[in-house]
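I have placed the structure first, in the form of structure tokens, so that the comments after it can refer back to it.
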Amino acid sequence: MLKFIESIKVLNGDTPDINEHLQRVIRTIQYFYSKSNEKFDFISCVYTVLERERDKISDGLFKLRVVYSDRFISGTLIPYIPKRIKRLKLVESDDIEYPFKYENRTAIDSLLSYKDKCDDILIVKNGVITDTSYSNIVFERMGNLYTPDSYLLAGTKRAKLIREGLIREEKIRPCDIDKYDKAYLINSMLDLYPVEALEF
């Protein structure tokens, strides 16, 4: 059975980006389970988990990891501390596919063996920049923010920032990286987390 995950930011008991996650869950279920009679209320399931842990999450930053298929499977809350990601290693993989947030990340995780002494990888597919192993990437040039139009996964934070006009999509190749001043990681838990270096 295919399983999917959503990693939801819970800040001081609130879920500020829950609607972005809901839209992705709806797209996933419609694609894989359009003929299924099994339906579940994603929002209600999330808030049931939060209510169960209400006393623990009233203060601070937590990650709610939801596992689902055509039904809710589990929800786990843990305190969130960002990984220390300072250096990215560019790794090429023309076969990599991750259009949905599958629980099985074997294809991506297998590429981590090539990161050498870096903290994470930045995947290059068919000659263009895509994502890191767990986030989308944003580049800054002259105060403007850009994200690759060749992403692997349409991240929730990425979608929100594009909709709000804070970042723009453009084609970014490895040879273009020097044109940018800074690089940042974004995902449901990270808001423009700075990267210090990219290694080829």
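The values are calculated or read from the model by the stated rules, or taken from the named source; none is laboratory data. The model shown is predicted, which means the values in this text are computed figures rather than measured ones. Cβ sites come from the backbone with ideal geometry, for glycine too, and all protein chains shown count toward neighbours.
Here is the figure for segment 64-92: residues that are in contact with a Lys or Arg (Cβ under 6 Å, 6 or more places away or on another chain), under 24 Å from residue 184 (Cα atoms) and not in a strand (DSSP E or B) total 1.
Looking for something part of a helix (DSSP H, G or I), hydroxyl-bearing (Ser, Thr, Tyr) and either surrounded by fewer than 13 Cβ atoms within 10 Å (Cβ to Cβ) or in the same structural domain as residue 96 (by TED's automatic domain parsing) (or both) - is there at least one such residue anywhere in segment 165-182?
Residues of segment 165-182 that are part of a helix (DSSP H, G or I), as a first pass: 174-179.
Okay, now just the ones that are also hydroxyl-bearing (Ser, Thr, Tyr), so none.
Within segment 165-182, none of the residues are part of a helix (DSSP H, G or I), hydroxyl-bearing (Ser, Thr, Tyr) and either surrounded by fewer than 13 Cβ atoms within 10 Å (Cβ to Cβ) or in the same structural domain as residue 96 (by TED's automatic domain parsing) (or both).
What is the residue count in segment 82-111 for residues that are exposed (fewer than 15 other Cβ atoms within 10 Å of the Cβ) and among the aliphatic types (A, V, I, L, M)? Summing the residues that are exposed (fewer than 15 other Cβ atoms within 10 Å of the Cβ) and among the aliphatic types (A, V, I, L, M) in segment 82-111 gives 1.
Give me the residue from segment 57-81 that is of a type outside the set (D, E, K, R) and more than 18 Å from residue 15 (Cβ to Cβ) and, out of that set, surrounded by the fewest Cβ atoms within 10 Å (Cβ to Cβ). If you could, list the steps in order and put the result at the bottom.
If we filter segment 57-81 for residues that are of a type outside the set (D, E, K, R), which is where we start, we get 57-58, 60-62, 64, 66-69, 72-81.
Narrowing the set further to residues that are more than 18 Å from residue 15 (Cβ to Cβ) leaves 69, 73, 81.
On the way: 69: 18, 73: 16, 81: 9.
By that ranking, first place goes to 81.
Taking the criterion of being closer than 24 Å to residue 24 by Cα and in contact (Cβ under 8 Å) with a residue 60 or more places away in the chain, the residues of segment 116-163 that qualify are 122, 154, 156, 157, 159, 160. With the condition kept exactly as written, say whether any residue in segment 113-126 is in a helix (DSSP H, G or I), more than 30 Å from residue 53 (Cα to Cα) and out of contact with any strand residue (DSSP E or B) (no Cβ under 6 Å at 6 or more places or on another chain). Yes. The set of residues in segment 1-22 being exposed (fewer than 14 other Cβ atoms within 10 Å of the Cβ) and over 23 Å from residue 54 (Cβ atoms) consists of 1, 2, 3. Condition check: part of a loop (DSSP other than H, G, I, E, B), within 19 Å of residue 171 (Cα to Cα) and not aliphatic (A, V, I, L, M). Does residue 98 satisfy that? Judged against the criteria, residue 98 is a match.
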